[in-house]
Amino acid sequence: MGHSKKNAAKHPGWKKPPLEALRAPAGLDLATFDRASTPGWKHGKQAGEDMVTRHAAELSELQERLFAEGRSGGSRSVLLVLQGMDTAGKGGIVRHVVGLVDPQGVAHRSFGVPTPEEARHHYLWRIRRSLPRPGYIGVFDRSHYEDVLVARVDGLVPPEVWEKRYDEINRFEERVVEAGTRIVKVALLLSPEEQRARLLERLDRPDKYWKYNPGDVDSRLKWPAYQEAYQAVLDRTNTEVAPWYAVPADRKWFARLAVSELLLDALRGFDLGWPPADFDVDAERRRLLAT
């Protein structure tokens with residue numbers, strides 16, 4: 001079977017492998033990026049939703065194999081970094097994609113305003129403490145990139161401070177990967193029009209009031225500055241060791257499909273087996289039958 005046919009079998013419904021279709025290319029210009037597009041996907045919404053459902057069994061089994069490996073002395077893990085503007089769909093991805101696997105093997109962390117204790121330490125201190133243990137899928141809903149996004153836009157630290165952080169983050173991620181963690185960085189790229197529609201929906205529905213934050217409007221007023229900050233992140237931290245994947249987020253179903261494919265690829269890349277028994281199986285069978 002040729003290479004293209006193998007890829008087609010592994011990624012049905014895609015014109016090219018998702019890692020290739022979604023990887024942020026060097027020189028990606030956010031000003032012209034189509035946030036309603038479905039790069040690489042050949043079909044529509046229903047087929048995309050069906051594909052996520054089809055991924056469930058394989059994701060679940062691979063996650064269990066990873067968890068078993070970690071319990072047996074392994075050192076590998078996965079870190080899924082979800083970064084995007086308010087309403088970009090980070091929570092939905094956690095529920096609808098990460099939720100397909102056993103929650104006991106998931107370590108989820110959302111990074112908001114630093115606590116007083118966190119603020120007393122280096123900005124990466126709380127990140128290091130939250131990295132997934134061996135065998136786990138870690139999920140960062142927002143991440144260390146807040147310290148070159150919000151910190152930059154809101155002037156929380158001087159430019160000479162946040163300017164140094166891009167290289168610091170690259171070195172940090174390189175060490176994390178060397179220790180056995182596969183990092184999947186997803187930039188959920190939402191249009192301002194779609195964000196407005198999602199925020200209005202929260203105001204139109206009493207069951208969504210709890211999700212509405214008046215501060216989201218304040219962030220919208222800084223949209224150009226945030227896009228400039230995101231552009232710098234993609235330009236300066238899109239490395240071979242920990243590349244960025246640029247996922248259009250206007251269509252929730254596509255963002256969920258894209259992340260499910262990226263997570264599946266990360267787990268497949270480990271070529272996970274089941275840990276061998278560290279005891280005499282036949283002897284234990286005899287003991288058990290004798291009870």
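Residue pairs whose Cβ atoms lie under 6 Å apart, separated by 6 or more positions or on different chains, with the first residue in region 30-56 and farther than 20 Å from Leu263 by Cα and the second outside any helix (DSSP H, G or I) and open to solvent by 20 Å² or more (accessible area, probe 1.4 Å), are Arg35/Asp250; Ala36/Asp250. Scanning region 243-291 for residues that are in contact with a Lys or Arg (Cβ under 7 Å, 6 or more places away or on another chain) and aromatic (Phe, Trp, Tyr) turns up Trp244, Tyr245, Trp253, Phe270, Trp274. Restricting attention to region 273-291, the residues that are open to solvent by 50 Å² or more (accessible area, probe 1.4 Å), free of Cβ contacts under 8 Å to residues at least 12 places away in the same chain and not basic (Lys, Arg) total 11.
Among the numbered conditions (1) at negative phi; (2) surrounded by 13 or more Cβ atoms within 10 Å (Cβ to Cβ); (3) more than 13 Å from the chain's Cα centre (by Cα), the only one that Thr87 does not meet is (1). Whenever a residue of region 143-162 is in contact (Cβ under 8 Å) with a residue 60 or more places away in the chain, its partners that are of a type in the set (Gly, Ala, Ser) and open to solvent by less than 30 Å² (accessible area, probe 1.4 Å), lying with C-beta atoms within less than 8 angstrom and at least six residues away or across chains, give the pairs Val148/Ala229; Val148/Ala232; Leu149/Ala229; Arg152/Ala229; Arg152/Ala232; Val153/Ala229. Among the residues examined, Phe270 does not qualify as loosely packed, with under 11 Cβ neighbours inside 10 Å and aromatic (Phe, Trp, Tyr). Taken together, the criteria place Trp210 among residues that are surrounded by fewer than 16 Cβ atoms within 10 Å (Cβ to Cβ) and either of a type in the set (Phe, Trp, Tyr) or outside any helix (DSSP H, G or I) (or both). Return a yes/no flag: does region 259-267 have any residue that is closer than 30 Å to Gly40 by Cα, touching a Gly at 6+ places or on another chain (Cβ under 9 Å), surrounded by fewer than 19 Cβ atoms within 10 Å (Cβ to Cβ) and of a type in the set (Asp, Glu). No, region 259-267 has no match at all. Filtering region 161-178 for residues that are over 30 Å from Thr38 (Cα atoms), of a type in the set (Phe, Trp, Tyr) and open to solvent by 20 Å² or more (accessible area, probe 1.4 Å) leaves a non-empty set. Kindly evaluate Lys222 against the criterion of being modelled with pLDDT under 95, among the basic types (Lys, Arg) and open to solvent by 10 Å² or more (accessible area, probe 1.4 Å). In short, no. Under the condition of being open to solvent by less than 40 Å² (accessible area, probe 1.4 Å) and out of contact with any helix residue (DSSP H, G or I) (no Cβ under 9 Å at 6 or more places or on another chain), the residues counted in region 239-258 number 0.
In region 216-234 there is at least one residue matching the filter, namely being of a type in the set (Val, Ile, Thr) and in a helix (DSSP H, G or I). Exactly one residue out of His108, His121 is more than 20 Å from the chain's Cα centre (by Cα), at pLDDT 95 or above, over 23 Å from Leu234 (Cα atoms) and open to solvent by 60 Å² or more (accessible area, probe 1.4 Å): that is His121. You will find that of Val97, Val81, the residue that is touching a residue at least 12 places away in the same chain (Cβ under 8 Å), out of contact with any helix residue (DSSP H, G or I) (no Cβ under 7 Å at 6 or more places or on another chain) and under 24 Å from Gln195 (Cα atoms) is Val81 and no other.
Among the residues making up region 10-48, those that are open to solvent by less than 70 Å² (accessible area, probe 1.4 Å) and not in a loop (DSSP other than H, G, I, E, B) are Trp14, Pro18, Leu19, Ala21, Leu22, Leu30, Trp41, Ala47, Gly48.
The values are calculated or read from the model by the stated rules, or taken from the named source; none is laboratory data. Everything numeric in this text was worked out from a predicted model, so none of it was measured. All Cβ positions, glycine included, derive from the backbone under ideal geometry; neighbour counts span all protein chains shown. Each accessible area value is taken on the protein alone, full model and side chains, heavy atoms only, with ligands, DNA and RNA left out. Shrake-Rupley method; radii C 1.70, N 1.55, O 1.52, S 1.80 Å.
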